Amino acid sequence: MKSCLRQNPIILMDTTHNITKHRSIFLTTLMVVRPNAEWARTGVRYNGIPVAWMIHENQDSTIYEKNLRSIFPDDETKELVKFAMMDEAKAEMNALQHVIPSAKVFWCEWHVKKALRKRLLHLVKDKETKKELWGHVLGLISAESETDLHSRWEWFQERLEENSGQGQYIRYVEENAWRDRQRWSHCFQADLTI
């Protein structure tokens, strides 16, 4: 694990649920990243290598924290971790920030897109409006600078007062994603090593 972290100082963490008929069982996987020797052929530059698993009955941050402390027992190992990528799970994020406070925590783009797309499909009925909104959401995610990000957000602000599904969706984005934009917009990931 340490050799992988020296090359690419990032960890990936995700929890799955509903993995058995018992709804209260969770599986958390912690991975490190290493270069893929076959990236020219496969197009995949890096592989996630699982280094730890945790099976637990709840998603309390103390459970995550206890397990993270056993995986990263000393300051030397903790200092190797510069970045962490995860979904928007608050308990995981809080635990990680207690155990490895120096790590910058980013949200997985796939999870962010999934959550925002699901809510869009639920709130907005018009097909063209959905397409337009989704294009602007993707623009927020891929913004190359904070100035670009804020100018893109102005488009949303101009439509916030609409009393339709579009306005409800924009309020959802504002309350659930915009305030944490430093965790998912590309413009804040410039120093991410992969």
* Asked: Right, residue 6: modelled with pLDDT of 75 or more, over 21 Å from the mean Cα position of the chain (by Cα), of a type in the set (D, E, K, R) and open to solvent by 50 Å² or more (accessible area, probe 1.4 Å) or not?
  -> yes
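Here is a yes/no grid of residues against (1) in contact with a strand residue (DSSP E or B) (Cβ under 7 Å, 6 or more places away or on another chain); (2) polar (S, T, N, Q); (3) at pLDDT 90 or above:
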position: 31; (1), (2), (3): yes, no, yes
position: 39; (1), (2), (3): no, no, no
position: 67; (1), (2), (3): yes, yes, yes
position: 77; (1), (2), (3): no, yes, no
position: 97; (1), (2), (3): yes, yes, yes
* Asked: Which one is surrounded by the most Cβ atoms within 10 Å (Cβ to Cβ), of the residues in the stretch 165-194 that are free of Cβ contacts under 8 Å to residues at least 40 places away in the same chain and more than 17 Å from the chain's Cα centre (by Cα)?
  -> 170
* Do the conditions hold for residue 49, that is, is it within 20 Å of residue 83 (Cα to Cα), hydrophobic (A, V, I, L, M, F, W, C) and open to solvent by less than 60 Å² (accessible area, probe 1.4 Å)? -> yes
* To do: Name every residue in the stretch 28-46 that is aliphatic (A, V, I, L, M) and open to solvent by 50 Å² or more (accessible area, probe 1.4 Å), in order of residue number.
  => 31, 37, 40, 44
* **Subset of the stretch 137-151 (residues that are in a helix (DSSP H, G or I) and open to solvent by 10 Å² or more (accessible area, probe 1.4 Å))** => 138, 142, 146, 147, 148, 150, 151
* **So residue 158, is it open to solvent by 50 Å² or more (accessible area, probe 1.4 Å) and over 30 Å from residue 6 (Cβ atoms)** => yes
* Which numbered condition trips up residue 128, out of (1) of a type outside the set (Phe, Trp, Tyr); (2) in a helix (DSSP H, G or I); (3) open to solvent by less than 90 Å² (accessible area, probe 1.4 Å)? -> (3)
* Identify the single condition in (1) surrounded by 14 or more Cβ atoms within 10 Å (Cβ to Cβ); (2) over 30 Å from residue 54 (Cα atoms); (3) basic (Lys, Arg) that residue 113 does not satisfy, given that it satisfies every other one. => (2)
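The values are calculated or read from the model by the stated rules, or taken from the named source; none is laboratory data. All of these numbers come straight from a predicted model, not from anything done at the bench. So basically every Cβ, Gly included, is an ideal-geometry build from the backbone, and we count neighbours across all protein chains shown. Side chains included, ligands, DNA and RNA excluded: accessible areas come from the protein's heavy atoms. Shrake-Rupley method; radii C 1.70, N 1.55, O 1.52, S 1.80 Å.
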